[in-house]
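A short reminder: the numbers here are calculations on the coordinates, not readings from a lab. A quick note: this is a predicted structure, and the numbers were derived from the prediction, not measured. We place every Cβ from the backbone using ideal geometry, glycine too, and count neighbours over all the protein chains shown.
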């Protein structure tokens, strides 16, 4: 990328100065980006596995991803979010029907919820409350 910018008339010194300034002002900060991305995707109903995959595709360091997910998620929050999604998506459907149960499992897996949460949630019955 720097080579491309050098071709546009910017010197290496100019590029490094701007990069340093952006880092100092936290515009180039993978940790903050990962935390914000994790929170925004969680709010939209995505689980940690999906968020991890998205951040990896953006070139974020796996250590940074792990820290952001651990900071933003805890098991209870993940279960609550999954339960709300299932209740919203399968309003009147009964999860005792094997076909609907398979659809619910696949839905949560696509959203990136862990197998542990999916199993515990659907085994205990989402619609008990």
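For the stretch 104-125, state whether one or more residues are more than 18 Å from the chain's Cα centre (by Cα), touching a residue at least 40 places away in the same chain (Cβ under 8 Å) and either assigned to a helix (DSSP H, G or I) or within 30 Å of residue 18 (Cα to Cα) (or both).
Checked the stretch 104-125: at least one residue is more than 18 Å from the chain's Cα centre (by Cα), touching a residue at least 40 places away in the same chain (Cβ under 8 Å) and either assigned to a helix (DSSP H, G or I) or within 30 Å of residue 18 (Cα to Cα) (or both).
From the list 28, 55, 22, pick out the single residue that is surrounded by fewer than 17 Cβ atoms within 10 Å (Cβ to Cβ), without any contact (Cβ under 8 Å) to a residue 40 or more places away in the chain and assigned to a helix (DSSP H, G or I).
After applying the criteria, what remains is 22.
Restricting attention to the stretch 66-95, and to residues there that are part of a loop (DSSP other than H, G, I, E, B) and in contact with a helix residue (DSSP H, G or I) (Cβ under 8 Å, 6 or more places away or on another chain), which single residue is nearest to residue 54 (Cα to Cα)?
73
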